[in-house]
Amino acid sequence: MTLPFLPFTRPSIDEATIAAVGEVLRSGWITTGPRCREFEAALSARFGGRPVRLASSATALLEMALRVAGVGPGDEVITTPLSWVATANVVLAVGATPVFVDVDPATRNIDLDRIEAAITPRTQAIIPVDLAGLPVDRDRLYEIARRQRLRVVEDAAQAMGARWGGREIGSFGDLVSFSFHANKNLTTSEGGCLVLNDETEARLLEKLRLQGVTRFADGGMDVDVLGGKANLTDVAAAIGLGQLPQLDAFNRRRAELARRYFERLDPALGLALPPADFEHSNWHMFQPLLPAAGPARPAFIEAMRAQGIGVGVHYPALHLFTLYRARGHHEGEFPQAEDIGRRIVTLPLFPAMADADVDRVCAALQRVLRPQP
Ligand SMILES: *Cc1c(COP(=O)(O)O)cnc(C)c1O
């Protein structure tokens with residue numbers, strides 16, 4: 001019997017959600033409308049009543065959040081080189097300069113001890129990233145931000161449902177952006193939300209996401225800022241409304257599966273495991289580092305595929321992409337991020353996985369990393 005291919009992730013969409021999407025499609029109103037407003041209200045309730053606005057992607061939201069924070073040409077924004085490239089691209093998109101700070105090899109997140117040395121008179125903001133759903137230490141982060149008078153745009157794309165100090169990420173802090181991309185812990189297929197500080201910021205975000213337009217009750221309109229086109233659809237919001245009540249159960253299941261990996265993975269394989277942090281992480285991904293002296297990653301991925309197991313890469317160090325090298329970045333600049341970026345692999349982890357699937361991955365790792373003579 002050959003088992004079906006096990007991907008590294010797969011969304012869990014139930015029949016009630018599919019029916020709700022059908023209802024939107026039949027309703028005659030398929031773009032931004034009542035489902036989006038309902039989803040924004042539900043998210044705001046989850047985040048302690050803070051204003052929440054949806055958009056078509058977290059990338060669009062991060063860029064708009066930087067604009068809301070007043071970041072523009074000539075400014076510097078401190079961030080991590082170990083993230084999805086969107087994190088740094090949005091800084092370039094607003095005409096500012098990303099200033100990278102190497103990661104802490106234990107958490108794989110920005111090294112908080114190194115942030116202050118990177119601050120200059122041009123520094124306006126910090127974009128922390130919670131890689132794999134393991135939050136950056138928010139106490140230390142906001143202590144630095146307060147002391148240095150910097151805005152924080154949290155790239156919490158992967159951190160939906162993660163916690164810090166007993167509070168949920170998004171329910172406190174400055175601007176907090178989440179992604180609802182298909183692979184994230186809560187999905188709308190594509191989309192995201194931004195948590196803001198007050199209604200003035202929320203109003204500006206509404207304008208930035210839709211051509212800068214303000215509509216008046218008498219049917220008239222005005223445009224006073226340059227906005228783009230990044231509104232979410234009710235089709236997508238209906239998916240999100242179906243997902244949100246399941247988020248905590250999804251994340252509990254992810255944690256159970258992660259625990260099983262920690263129990264079952266053979267230490268003799270030489271994999272460097274992520275921190276076993278069951279207090280803070282939402283277990284968006286389970287990512288060991290391949291042994292430094294082990295097989296090259298492409299060969300490893302190919303061998304796992306041959307065993308019926310999907311393996312992802314999230315992410316190579318982004319300052320080594322051509323676009324960033326052309327801006328003067330180079331190998332050796334951020335040794336921790338580069339080492340992790342070369343060795344990191346994403347093993348299957350999603351709520352619909354069975355315990356036996358974890359065992360299957362572990363057995364495949366045993367065969368691939370310790371081939372019998
Ligand atoms: C997914 C992701 C993004 C971008 O989210 P989109 O909704 O795809 O635009 C940004 N940063 C990180 C860390 C992500 O994982």
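The values are calculated or read from the model by the stated rules, or taken from the named source; none is laboratory data. What you see is a predicted model, and the numbers here were worked out from it, not measured in a lab. Quick reminder, even Gly has a Cβ in these numbers, built from the backbone with ideal geometry, and neighbours come from all protein chains shown. Surface accessibility is based on the protein's heavy atoms, side chains included, excluding ligands, DNA and RNA. Shrake-Rupley method; radii C 1.70, N 1.55, O 1.52, S 1.80 Å.
Figures for the structure shown
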| quantity | calculated |
| --- | --- |
| Inter-site label distance for residue 211 and residue 325 at 7 Å from Cα along Cβ, in nm | 4.2 |
| Most mobile of 245, 316, 135 in a GNM of the chain (Cα contacts under 10 Å) | 245 |
| Unit charges at the beta carbon, dipole of the chain: most positive-side option, 242, 212, 170 | 242 |
| Rounded accessible area of residue 285 (nearest 10 Å², 1.4 Å probe) | 10 |
| Rounded to 5, the percent of DSSP beta bridges in the chain classed as antiparallel | 55 |
| Where a label projected 7 Å from the Cα of residue 189 along Cα→Cβ would reach, residues of the stretch 56-79 with amide N under 16 Å | 56-58 |
| Contour minus Cα-Cα distance for residue 198 and residue 333 (0.36 nm per residue) | 44.7 nm |
| Dipole magnitude (debye, nearest 20) for the stretch 15-246, charges at Cβ of Lys, Arg, Asp, Glu | 160 |
| Cα gyration tensor shape for the stretch 62-217, rounded if a/c is under 1.5, else prolate or oblate | oblate |
| Ranked order, 315, 324 - accessible area, probe 1.4 Å, largest first | 315, 324 |
| Cα shape, the chain, gyration tensor, a/c 1.5 rule | oblate |
| GNM flexibility winner over the chain from 223, 85, 136 (Cα, springs under 10 Å) | 223 |
| Heavy-atom accessible area order for 207, 229, largest first, 1.4 Å probe | 229, 207 |
| Inter-label distance, nm, simple model (7 Å from Cα along the C-beta direction), residue 23/residue 277 | 3.8 |
| Choice from 218, 174, 198 showing the highest fluctuation, given a GNM over the chain with Cα pairs closer than 10 Å | 218 |
| Accessible surface of the stretch 1-124 [probe 1.4 Å, protein heavy atoms]: carbon and sulfur percent | 57 |
| The chain - mean residue ellipticity at 222 nm from DSSP helices (-39,500 (n - 2.57) per run, n ≥ 4, rounded to 500) | -11000 deg cm²/dmol |
| Accessible-area ranking of 216, 286, 321, largest first, probe 1.4 Å | 216, 321, 286 |
| Probe 1.4 Å - accessible area at residue 323, Å² to nearest ten | 100 |
| Surface per residue (accessible, 1.4 Å probe) for the stretch 169-274, Å² | 43 |
| J(HN,Hα) series, the stretch 218-230, from Karplus relation 6.51 cos²θ - 1.76 cosθ + 1.60, nearest Hz, glycine and proline x | 7, x, x, 8, 9, 10, 10, 9, 7, x, x, 9, 9 |
